[in-house]
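A quick write-up on the structure given underneath.
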Amino acid sequence: MATSFSGSFITLEGPEGAGKTTQLKLLSKQLDQLGCKHIVTRDPGGTSLGKQIRRILLNPENPVTPMTELLLYQADRAQHVDELILPALKSGTLVLCDRYVDSTLAYQGYGRGIDLELINTLSKMATGGLTPELTILFDIDSSAGLGRLHPGGHDRLEREAIEFHHKVRDGYHKLAKQNPERWMIVDASKPLTVVQEDLRKILFERLGEKHKLAGLMD
Ligand code: Z5A
């Protein structure tokens with residue numbers, strides 16, 4: 001299901017420490033100033049139930065098998081889509097989501113080695129096939145991204161071996177290449193203000209008219 005709602009569904013993806021959260025906060029402030037009806041949400045943890053699932057998933061004390069991990073991300077997402085994302089899109093809202101289905105393909109698929117077709121099937125079940133109209137990859141070398149975070153890694157995923165993180169980044173490149181009309185790539189290793197500018201430009205070009213974002217480039 002492509003987004004044919006009055007709202008727009010945009011996702012941000014990338015390895016750890018790429019700067020998505022930071023950029024979404026800055027962007028949201030600017031969208032508020034422009035009076036653009038939007039929400040910023042994240043996967044996992046965009047709903048009250050999702051926050052509980054997020055805690056389970058990221059707690060380094062929890063031994064989680066790869067299949068359990070996959071199903072928990074999908075359970076979070078099913079709730080997220082039904083409770084928050086779909087109603088927002090139907091009401092004409094611009095939905096900016098920090099991670100979505102492509103994170104599962106990159107981390108559980110390319111990273112952990114779970115069959116990509118199985119992930120696609122489960123993702124369709126969880127989301128009803130809801131696909132973002134634009135996905136922005138915040139691309140950064142995995143070591144550089146992790147270097148921006150706590151030394152040694154803070155949560156369960158961050159503590160994975162560097163080889164895992166390299167596979168995740170390579171996976172993102174493959175996903176972007178397979179679907180160039182949906183993906184845009186931002187060089188997230190650049191200084192914060194440059195990345196901010198690049199992100200604004202992409203949004204302005206793709207959504208400027210629909211969401212009246214002329215002021216985004218001022
Ligand atoms: N995961 C999964 O495995 N499967 C799935 O299906 C989904 C997710 C949906 C979610 O945790 C974890 O779940 C994640 C993937 C996995 N893996 N881990 N760990 P999360 O939501 O906490 O993870 P995250 O999205 O990677 O958050 P993050 O590590 O905080 O990355 P970020 O949001 O992209 O970065 P940031 O917090 O904005 O910035 C990080 C630091 O860099 C911060 O100190 C900033 O001040 C700094 N920063 C930001 N931009 C710059 C620039 N341009 N230059 C220098 N420094 C910068």
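Counting only heavy atoms of protein chains, what accessible area per residue, in Å², does the chain have with a probe of 1.4 Å? If you can, show how the numbers build up before the last one.
Values: 10270 Å² over 218 residues.
The answer is 47 Å² per residue.
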Tilt, helix 20-33 to longest principal axis of the chain (alpha-carbon atoms), in degrees rounded to tens, equals 20
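For His150 and Thr65 in one chain, what is 0.36 nm times their gap in residues minus the Cα-Cα distance, to one decimal in nm? Display every interim value, and only then the final one.
Numbers: separation 85, 0.36 × 85 = 30.60 nm, distance 2.44 nm.
Extra length available between His150 and Thr65 comes to 28.2 nm.
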How long, wide and thick is region 95-152, going by the Cα atoms along their three principal axes, in whole angstroms, largest first? 38, 29, 16
Bins of 5 Å from zero: percent of alpha-carbon pairs in the chain: 1, 7, 15, 20, 21, 18, 12, 5, 1, 0
Measure nothing but the geometry: give the 0 to 90° angle between the long axis through the Cα atoms of 162-178 and the longest principal axis through the Cα atoms of the chain, rounded to 10°. 40
Inter-site label distance for Ser91 and Asp115 at 7 Å from Cα along Cβ, in nm: 4.0
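Tell me, what % of the accessible area of region 4-119 is carbon and sulfur with a 1.4 angstrom probe?
On the way: 2600 of 4720 Å².
C and S atoms contribute 55 percent here.
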Charge dipole magnitude, Cβ of K and R +1, D and E -1 - the chain, Cα centre, debye nearest 20: 420
For every other residue with a beta carbon closer than 14 angstrom to the beta carbon of His211, add +1 if it is Lys or Arg and -1 if Asp or Glu, then tell me the sum. +1
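Over the chain, what is the relative contact order in whole percent, taking alpha-carbon pairs under 8 Å and six or more residues apart? Spell out each step's value before the answer.
Numbers: 334 pairs, mean separation 69.3, N = 218.
Worked out over the chain, it gives 32 percent.
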Which ³J(HN,Hα) values in Hz, rounded to whole numbers, follow from the phi angles of region 8-13 under the Karplus curve 6.51 cos²θ - 1.76 cosθ + 1.60, where θ = phi - 60° and Gly and Pro get x? 9, 10, 10, 10, 10, 10
List every residue whose amide H lies under 5 Å from the amide H of Arg42, counting only residues 5 or more places away in sequence or on a different chain, with H placed 1.01 Å from N in the peptide plane. Asp98
Nearest 10 degrees, 0 to 90: what angle lies between the long axis of helix 116-127 and the longest principal axis of the chain (Cα atoms)? 50
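Can you give the extra length, in nm with one decimal, that the chain gains between Asn179 and Ser4 once fully stretched, where that is 0.36 nm per residue apart less the Cα-Cα distance? Let's see the in-between values first.
Details: separation 175, 0.36 × 175 = 63.00 nm, distance 1.85 nm.
Here the segment from Asn179 to Ser4 would lengthen by 61.1 nm.
Considering only DSSP states other than H, G, I, E and B, which GluC sites (Glu not before Pro) in region 1-69 qualify as loop sites with at most 14 other Cβ atoms within 10 Å?
Details: sites: Glu13, Glu16, Glu61, Glu69; in loops: Glu16, Glu61.
Passing sites in region 1-69 are Glu61.
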What translational diffusion coefficient, to the nearest whole µm²/s, does region 91-202 have by Stokes-Einstein, given a Kirkwood radius computed over alpha-carbon pairs, a temperature of 10 °C and 1.306 mPa s viscosity? 103
Going 7 Å from the Cα of Leu34 along its beta-carbon direction, which residues of region 193-218 have the amide nitrogen within less than 17 Å of the resulting point? 194-218
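The values are calculated or read from the model by the stated rules, or taken from the named source; none is laboratory data. Just so it is clear, the model here is predicted, and its values are computed rather than measured. Every residue, glycine as well, gets a Cβ built from its backbone with ideal geometry; the counts of neighbours run over all protein chains shown. We work out accessible area using only protein heavy atoms, side chains counted, and drop any ligands, DNA or RNA first. Shrake-Rupley method; radii C 1.70, N 1.55, O 1.52, S 1.80 Å.
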